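Heads up, the thing below is written out as structure tokens.
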Amino acid sequence: MPGRHPAALTRRVLLFCAANLLVMGCALQSTAVWADDVPAPAGEPPASRYLTLSGAIDQQTLGWVREAGLSLQNQATRDRRPAFLVLEITPGNSQFHEVLGLADFLTSSALSQVRTIAWVPETVVGNNVIAALACKEIVMHPDAQLGDIGRGKPVEEHHQSFVRTMIAKRYNPKVNEALATAMMDPRAALIQLTTETPDGMKEKRLVTEADAARIRDGGAVISDSRTIKEPGQPGLFSGAQARNGDFLVMQTVENRHELSAAYRLPLESLREQPKPGRANRVSLIEVAGAIDPLLESFLERQIDRAVADGAEMIIFEITSPGGLLWQSRDLAYAIADLQDRKIRTVAYVPNHALSGAAIIALGCDEIYLTPNGTFGDAGPIEIREGQQFERASEKVLSLLREIMRELGQRKGRPPALLMAMADKDLQVYEVRNKKSGQVTFMSEEEIHQAGEDWEQGRLVPESAADLLLTVNGRRAHELQIAERPIEGTTDRERFETLKARLGIPENVEPTKIGRTWLDDTVFILNTNVVTGLLFFVGIICIYLELHFMSGILGIIAAVCFGLFFWSKFLGGTAGWLEVLLFLLGLGCLALEIFVMPGFGVFGVSGVLLLFVSLVMASQTFGNGILRINDPNNDLTNATWTMVTLSTSIVAVIAVATALSRFLPHIPLLNRMILTPPGMSSVQTPGEVQLRPDLAESSLLSVLVGQHGETMTVLRPAGKARVADRLLDVVSDGPFIPQGRQIEVVHINGNRIVVREA
């Protein structure tokens with residue numbers, strides 16, 4: 001037994017060393033594995049951050065990226081989760097030493113567990129390209145270009161040496177030294193060779209001219225040779241070109257939504273991360289009630305205020321049953337266009353957003369619902385004879401489908417599902433890409449157009465026949481329409497959860513864009529009562545001004561009608577056409593009264609133009625109805641407008657009649673009636689003071705054919721004395737000077753027409 005101890009001990013030592021070597025090998029391998037090879041806990045999304053490197057890269061940018069990268073590295077190591085750091089590379093004039101520091105960090109072992117992805121949505125040249133080459137993968141927009149690091153000139157040799165050293169680490173398998181050299185030196189050529197191995201395998205390689213010559217001299221079998229870049233041309237490559245050539249890029253996508261789908265990342269993980277020390281400017285706008293022109297105009301003003309305040313994110317809290325089609329469409333497009341201003345838009349639906357409200361939400365970059373929130377049902381309806389609700393015409397439905405398709409494409413949501421919200425006959429299927437495994441949703445027509453790359457799956461139950469697609473928060477997330485639902489027991493708790501999901505710090509409260517005095521004034525002026533009051537005061541002041549000629553009453557009338565059209569302008573129902581029709585109507589009435597007396601063409605045309613302009617300014621016509629309590633909205637609004645206007649006119653007639661009868665006999669008020677010029681010269685001492693009367697038609701009819709004398713110049717209206725009475729008269733043609741003999745031709749109501757005798 002004692003003699004066997006050394007051999008046994010030796011075997012134990014060897015086994016121990018082998019075990020340790022195995023453990024060390026596994027540990028080394030684990031440090032080299034990429035984040036996507038680490039299994040994620042069930043139901044837990046990968047850890048990810050999205051940073052936009054805007055403009056020039058500097059020390060602040062490096063510190064920002066370092067903080068995010070190290071945080072992801074710790075998460076990946078601690079939780080054994082995949083970790084992604086997505087850097088959006090944008091154009092900028094960066095110093096080489098600044099980019100050098102960033103590239104050195106991105107290629108260091110400090111990010112061994114983090115999968116770094118460079119996202120290039122637009123053309124980037126100069127030193128910023130080096131930051132993209134330092135990432136493990138590059139994703140580009142098909143039309144974007146990347147390269148030309150020296151901006152048309154060769155990069156300094158010692159800078160080229162650093163880039164080649166970085167590329168030699170082979171962090172990105174789609175980039176090699178030859179490609180990097182072509183990007184740095186316009187004089188270099190880039191050739192793609194296809195070589196064959198002895199066992200018949202083919203391999204594509206990017207090489208320089210010198211490398212290609214050495215390979216040929218070495219006796220390699222070259223089946224194809226293609227020049228990618230000629231000498232003298234800048235080394236600038238588009239996403240589509242690189243993808244087709246299988247170099248530089250891992251894949252091409254057109255927006256963040258496709259990027260999130262390609263890497264199976266939650267869309268909310270690709271949100272903008274504010275730079276350290278930068279103020280978080282978040283605005284909150286509430287969208288409540290039926291969507292009509294007044295609400296549209298109000299929301300547009302709120303959006304403009306938020307933009308003017310420098311908001312970087314706008315949250316739209318939507319609770320609405322829907323409304324009018326064109327207003328919903330215009331608001332959705334206005335919100336979608338905020339992306340061009342680098343403003344992130346978020347729709348938050350705590351309860352329901354149906355029909356037009358759903359369309360507005362689809363214009364936002366992200367949509368968050370509560371688990372039981374309701375979303376969809378955007379089918380257009382019309383009212384037929386007998387007050388029957390029916391599906392809108394194919395023309396309206398076709399237009400709405402195109403709107404939904406466009407919004408889906410712009411915001412990266414399955415267009416077929418959005419169109420199914422409006423078209424109950426459209427059936428949508430779950431489909432899977434045979435190559436990438438990506439899952440999305442398409443109609444039969446889209447599947448047919450996509451070719452054989454997509455495999456058709458089961459029918460989406462919500463799009464079954466005769467059903468407008470309507471979903472809750474959980475189902476909307478499953479169908480890739482919205483983000484994961486917001487959980488919580490109270491409204492405040494849910495909103496705090498939303499803030500956390502959006503990356504808003506706890507100490508930052510979104511600025512609520514509420515009503516101002518201007519909005520309150522517009523809403524008050526657009527009520528039927530106030531509108532009727534403006535009509536009444538304006539018309540009665542015009543009537544009195546024709547008798548008193550004071551000027552003040554005319555100004556009051558102008559203010560009343562000015563307020564009316566101003567409120568309708570801001571309320572979204574009036575435009576310059578209505579104002580022009582109103583002014584044209586006033587012009588016709590003025591011609592009838594002062595130039596061409598007699599109730600004729602100009603008088604009737606003026607009244608009609610005034611009436612039409614007021615009705616048109618009070619509402620919009622031809623709106624498609626999506627979902628609203630009164631689907632016959634145009635007729636309802638027109639009826640209310642005509643009732644309001646008719647009531648005001650009746651009130652004006654009643655008041656005018658009372659004034660004509662009683663005003664001349666009321667002490668003090670009768671002094672408002674002005675004495676016409678020259679009256680003092682025609683009165684004799686002891687003669688009873690003559691005064692103008694608001695004459696009554698029944699008393700004036702006996703004056704026809706009688707003669708009198710003009711007390712003022714008739715231009716064509718003025719004063720004349722007939723049968724010892726001072727009256728308001730109108731010439732039937734040319735002006736009549738003061739002191740001329742006249743004859744009463746005819747009387748129409750209170751209108752006395754005379755001519756020179």
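Describe numerically, in nm with one decimal, the distance between label points set 7 Å from Cα along Cα→Cβ at T165 and at E67.
In this crude spin-label approximation the distance works out to 2.9 nm.
Mind giving me the FRET efficiency for V221 and R80? R0 is 51 Å, r the Cβ-Cβ distance, nearest 0.05 is fine.
Working: r = 45 Å, r/R0 = 0.88.
After rounding, the FRET efficiency stands at 0.70.
Assign one of three labels to the stretch 94-164, namely rounded, prolate or oblate, based on the Cα gyration tensor with a ≥ b ≥ c the square roots of its eigenvalues; rounded applies when a/c is under 1.5, prolate when it is not and a/b is larger than b/c, and oblate otherwise. Intermediate values should be presented prior to the final figure.
Numbers: a/c = 2.37, a/b = 1.09, b/c = 2.18.
It comes out oblate by the Cα gyration axes.
Once the stretch 284-375 is represented by equal point scatterers at the alpha-carbon sites, with solvent omitted, what log10 I(q)/I(0) does the Debye formula produce at q = 0.23 Å⁻¹?
These q points yield log10 I(q)/I(0) values of -1.14.
Cα atoms only: what Rg and Dmax, in Å, come out for the stretch 176-280?
19.2, 63
Hey, fewest Cβ within 10 Å first, where do I291, I513 land in order?
On the way: I291 28, I513 20.
Final ranking by Cβ density, sparse to dense: I513, I291.
Tell me the Kirkwood radius of the stretch 366-492: reciprocal of the mean inverse pair distance over distinct alpha-carbon atoms, in Å. Before the final figure, lay out each step's value.
Values: mean 1/r = 0.0637 Å⁻¹.
The Cα-based Kirkwood calculation yields 15.7 Å.
Once you order the gyration tensor axes a ≥ b ≥ c over the Cα atoms, which shape class does the stretch 189-230 get: rounded for a/c under 1.5, otherwise prolate or oblate by comparing a/b with b/c? Walk me through the numbers before you get to the answer.
Working: a/c = 2.93, a/b = 1.55, b/c = 1.89.
Judged from the Cα gyration tensor, the stretch 189-230 comes out oblate (a/c at least 1.5, b/c at or above a/b).
Under the classification rounded if a/c is under 1.5, otherwise prolate if a/b is larger than b/c and oblate if not, where does the stretch 282-512 fall, given a ≥ b ≥ c as square roots of the Cα gyration tensor eigenvalues?
Working: a/c = 1.75, a/b = 1.26, b/c = 1.39.
Since a/c reaches 1.5 but b/c is at least a/b, the shape of the stretch 282-512 is classed as oblate.
Compute the orientation-averaged projected area for the stretch 402-554 from the convex hull of its Cα atoms and round it to one decimal in nm². Don't skip to the end; give the middle numbers.
Details: hull surface 70.1 nm².
It is 17.5 nm².
In whole Å, how far is the Cα centre of the stretch 116-151 from that of the stretch 299-374?
Cα centroid to Cα centroid, the span is 33 Å.
So, by mean Cβ neighbours within 10 angstrom, what's the order for 531-539, 720-728 with the highest one leading? Present the calculation step by step, with values, prior to reporting the outcome.
Working: 531-539: 20.3, 720-728: 17.9.
Descending packing order for the listed peptides: 531-539, 720-728.
Roughly how many nanometres apart are two label points built 7 Å out from the Cα toward the Cβ at V601 and V508?
With each label point 7 Å from Cα toward Cβ, the separation is 6.7 nm.
What FRET efficiency would be calculated for the residue pair V643, L586, taking the C-beta separation as r and a Förster radius of 35 Å, to the nearest 0.05? Walk me through the numbers before you get to the answer.
On the way: r = 23 Å, r/R0 = 0.67.
The computed FRET efficiency comes out at 0.90.
Which FRET efficiency value, to the nearest 0.05, do you get for L467 and E258 by plugging their Cβ-Cβ distance into 1/(1 + (r/R0)^6) with R0 = 25 Å? If you can, show how the numbers build up before the last one.
Details: r = 29 Å, r/R0 = 1.15.
Efficiency for this residue pair is about 0.30.
For the pair R187 and V612, how long in nm is the line joining their label points, each one 7 Å along Cα→Cβ?
7.7
No value in this document is a laboratory result; all are computed from the given coordinates. Keep in mind that this is a model prediction, so the values were computed, not measured. Positions of Cβ are backbone-derived with ideal geometry, glycine not excepted, and every protein chain shown enters the neighbour counts.
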